[in-house]
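Here's the structure we're looking at; comments come further down.
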Amino acid sequence: MGNEPTVHVSEAFDTIAEIEVSELFLKYLKLEGVDKIFGVPGAAIMYILDALKNQSDIDYVLCRQETGAGFVADGYYRVSGTMGCGMVTSGPGAINARNGAGNADVCLSEMLVVTGEVKQDAFGRGWEQEGIDASLDVMGVYKNAVGISSLATNATNFQT
């Protein structure tokens, strides 16, 4: 699966010597009860999309636009009681999903929006709809719309 970094994880009942970050992320979602991810694919989330193909516990529901993915994830929580999860690519895709995330936050819906980003060594180069280190401040937009917004730039800070 590509050149994605690996992390070392020790779980209470299971020891995993090496696991790709995308696989670990999906394990975390399963622990939270997530069974569907609503989104729009893109290069900045390709490792997670690839990992989704290799498992059967979480369905990926393709949406036509990122704003819709955010609202559908919010609605899914409201009708199912299962945490809604939206996943979109970087830059404008991330900004588009923000409206659904903000609506979910105001309405106290349990929702997670995952937005992709270019690799950290490409920050500042304007590569593939970069957002975090370019003039499009994705973190700032989300911090002003939701209760919690954070950034994982590598395998080490993904775990914390």
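The values are calculated or read from the model by the stated rules, or taken from the named source; none is laboratory data. These numbers come from a predicted model, not from an experiment. Every residue, glycine as well, gets a Cβ built from its backbone with ideal geometry; the counts of neighbours run over all protein chains shown. Each accessible area value is taken on the protein alone, full model and side chains, heavy atoms only, with ligands, DNA and RNA left out. Shrake-Rupley method; radii C 1.70, N 1.55, O 1.52, S 1.80 Å.
Restricting attention to the stretch 17-41, the residues being open to solvent by less than 20 Å² (accessible area, probe 1.4 Å) and not in a helix (DSSP H, G or I) number 5. Here G102 fits the description: open to solvent by less than 20 Å² (accessible area, probe 1.4 Å), farther than 23 Å from A51 by Cβ and either within 17 Å of the chain's Cα centre (by Cα) or at pLDDT 70 or above (or both). Residues in the stretch 107-131 that are aliphatic (A, V, I, L, M), assigned to a loop (DSSP other than H, G, I, E, B) and either open to solvent by less than 10 Å² (accessible area, probe 1.4 Å) or at pLDDT below 80 (or both): V118 only. The conditions of being over 29 Å from I19 (Cα atoms), surrounded by 20 or more Cβ atoms within 10 Å (Cβ to Cβ), in contact with a helix residue (DSSP H, G or I) (Cβ under 6 Å, 6 or more places away or on another chain) and modelled with pLDDT of 75 or more are not met by A97. Taking the stretch 57-106 as the range and being farther than 18 Å from G147 by Cα and assigned to a loop (DSSP other than H, G, I, E, B) as the test, the residues that pass are D57, I58, C63, R64, Q65, G81, T82, T89, S90, G91.
Among the residues of the stretch 132-160, those identified as at pLDDT below 75, among the β-branched types (V, I, T) and open to solvent by 60 Å² or more (accessible area, probe 1.4 Å) are T156, T160.
Scanning the stretch 33-56 for residues that are of a type in the set (D, E) and at pLDDT below 95 yields a total of 1. Selection within the stretch 61-83: residues that are surrounded by fewer than 19 Cβ atoms within 10 Å (Cβ to Cβ) and of a type in the set (S, T, N, Q). The member of this set that is nearest to G42 (Cα to Cα) is Q65. All told, G81 falls short of being at pLDDT below 95 and among the small types (G, A, S).
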